[in-house]
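Engineer: Before we start, here is the structure in question, set down as structure tokens.
The values are calculated or read from the model by the stated rules, or taken from the named source; none is laboratory data. Since we're looking at a predicted model, the values are computed, not measured. Every residue, glycine among them, receives a Cβ derived from its backbone with ideal geometry; neighbour counts consider all protein chains shown.
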């Protein structure tokens with residue numbers, strides 16, 4: 001083997017289409033744009049939602065719905081998840097930082113504890129919100145609830 005034998009891997013190189021370089025190239029004449037019309041002209045770019053002059057669907061359909069600007073979005077975490085985290089890390093107090101560290105929350109997310117599952121450990125739980133059933137289950141297990 002020497003340098004004269006080296007070739008690129010099959011399929012790793014290709015030659016680009018040289019459009020508009022004469023009829024002999026097979027890509028001359030209309031340069032793959034067909035004949036006449038707006039789309040064959042230079043500088044053509046179709047507007048988003050353009051439907052050939054027909055009234056576009058975003059203008060045919062009426063506006064609807066409502067976006068509440070005061071909505072507060074919570075990430076839901078169930079008490080069975082708290083049980084698993086507390087057992088694996090041997091915790092007695094679980095806060096937002098612990099949930100973030102465990103990968104359940106993003107940096108800015110607010111957390112709400114929900115009541116699915118059972119809790120057998122006595123835990124002090126800190127969160128932004130609690131459902132009534134989750135609060136009852138934590139207190140019944142001997143733990144405490146701290147709303148942030």
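Engineer: Could you list, in sequence order, all residues of segment 136-146 that are in a helix (DSSP H, G or I) and under 15 Å from residue 93 (Cα atoms)?
Structural biologist: First, pick out the residues of segment 136-146 that are in a helix (DSSP H, G or I): 136-140.
Across segment 136-146, the qualifying residues are 138, 139.
Engineer: Among the residues that make up segment 5-27, is at least one of them exposed (fewer than 12 other Cβ atoms within 10 Å of the Cβ), at pLDDT 90 or above and under 28 Å from the mean Cα position of the chain (by Cα)?
Structural biologist: No: zero hits.
Engineer: Any chance you could count how many residues in segment 105-122 are closer than 14 Å to residue 81 by Cβ and touching a strand residue (DSSP E or B) at 6+ places or on another chain (Cβ under 6 Å)? Don't jump to the end; show me each part of the working.
Structural biologist: Restricting attention to segment 105-122, the residues satisfying the condition of being closer than 14 Å to residue 81 by Cβ are 105, 111-121.
From what is left, the residues that are touching a strand residue (DSSP E or B) at 6+ places or on another chain (Cβ under 6 Å) are 105, 111-114, 116-117.
Qualifying residue count for the region: 7.
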